[in-house]
1. If you take the Cα Rg of region 1-51 and divide it by 2.2 N^0.38 Å, with N the number of residues, what do you get?
2. May I ask you to give the average projected area over all directions of the convex hull of the Cα atoms of the chain, in nm² rounded to one decimal?
3. Lys and Arg at +1, Asp and Glu at -1: add these up for the other residues within a Cβ distance under 11 Å of Arg55 and post the number.
4. Placing +1 at every Lys and Arg Cβ and -1 at every Asp and Glu Cβ, with all other atoms neutral, what dipole size does region 47-181 have around its Cα centre, in debye to the nearest 20?
5. Anyone know which of Pro137, Pro23, Pro112 comes out most mobile in the 10 Å Cα GNM of the chain?
6. Please label the shape of region 29-89 as rounded, prolate or oblate, based on the square roots a ≥ b ≥ c of the eigenvalues of the alpha-carbon gyration tensor (a/c under 1.5 means rounded; beyond that, a/b larger than b/c means prolate, else oblate).
7. Rounded, prolate or oblate: which one fits region 60-132, using the alpha carbon gyration tensor with axes a ≥ b ≥ c (rounded when a/c is under 1.5, else prolate when a/b beats b/c, else oblate)?
8. Of all DSSP beta bridges in the chain, what percent run antiparallel (nearest 5)?
Amino acid sequence: MTFEVGKWRIDPKRAFVFIYAWPDNWLTADLAAWVTRRFEGRWGTFVVQDQLCARNSVMHTAMQSSPELYDAFVFVDNDVRPTADSDAAFCLDADICACETDHHGDGAWRWPNAFHDSFWWTTRTALAKIEQPYFTPPVYNVGYTARTGCLCETFRSKALSAGLTIAHGGHAAHDQKRTWA
Ligand SMILES: [Zn+2]
């Protein structure tokens, strides 16, 4: 797998990768190799059961890290499998950039500023413009028999309200058999 960091919009030496690894801190050798090749030791796994709490607590941790060390953050679920096309997501020009993971349902990436949270990156500067909590409970229908929007949508709307731009590109496989499916 080849990649050219020169085209990236973040410096991987000043970025930290957070890997969501509930419930068992499991990580594929492929994902470990992929992240190590690009970010060396600047990554860690995080095990939080509740998806909403996991998203918010990890992002809170990111913002508490030293600005002298990190100015960009990557968030990825442990069942995402990067492909040769995944690096294109790091060349996107927006405040919040999502890699297009395989996702339940057609049209998940239909809109130019669609966002899903299984594999994405942003900068400290962008996150600082969003008032916490970053993610809030997803919306359900009246009978609570189905979600009318995914959890990602709650963060997406807050980001757009804060004036941030969103883009998506590249591609990664997503097994959706671990973390929160
Ligand atoms: Zn989503």
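All of the numbers you see were taken from the coordinates with simple rules; none came from a lab. It should be emphasised that the depicted structure is a prediction, and the values quoted were computed from it without experimental measurement. Here the Cβ positions follow ideal geometry from the backbone for every residue, glycine too, while neighbour counts run over all protein chains shown.
1. 1.28
2. Details: hull surface 40.4 nm².
The number I arrive at for the chain is 10.1 nm².
3. Value of the local net charge: -3.
4. Numbers: 10 positive and 16 negative charges, 75 e Å.
For region 47-181, the charge dipole is close to 360 debye.
5. The residue with the greatest mean-square fluctuation here is Pro112.
6. Values: a/c = 1.95, a/b = 1.25, b/c = 1.56.
Oblate, since a/c reaches 1.5 and b/c is not below a/b.
7. Working: a/c = 1.93, a/b = 1.66, b/c = 1.16.
Prolate.
8. Details: 12 of 27 bridges.
Here the share of antiparallel DSSP bridges comes out near 45 percent.
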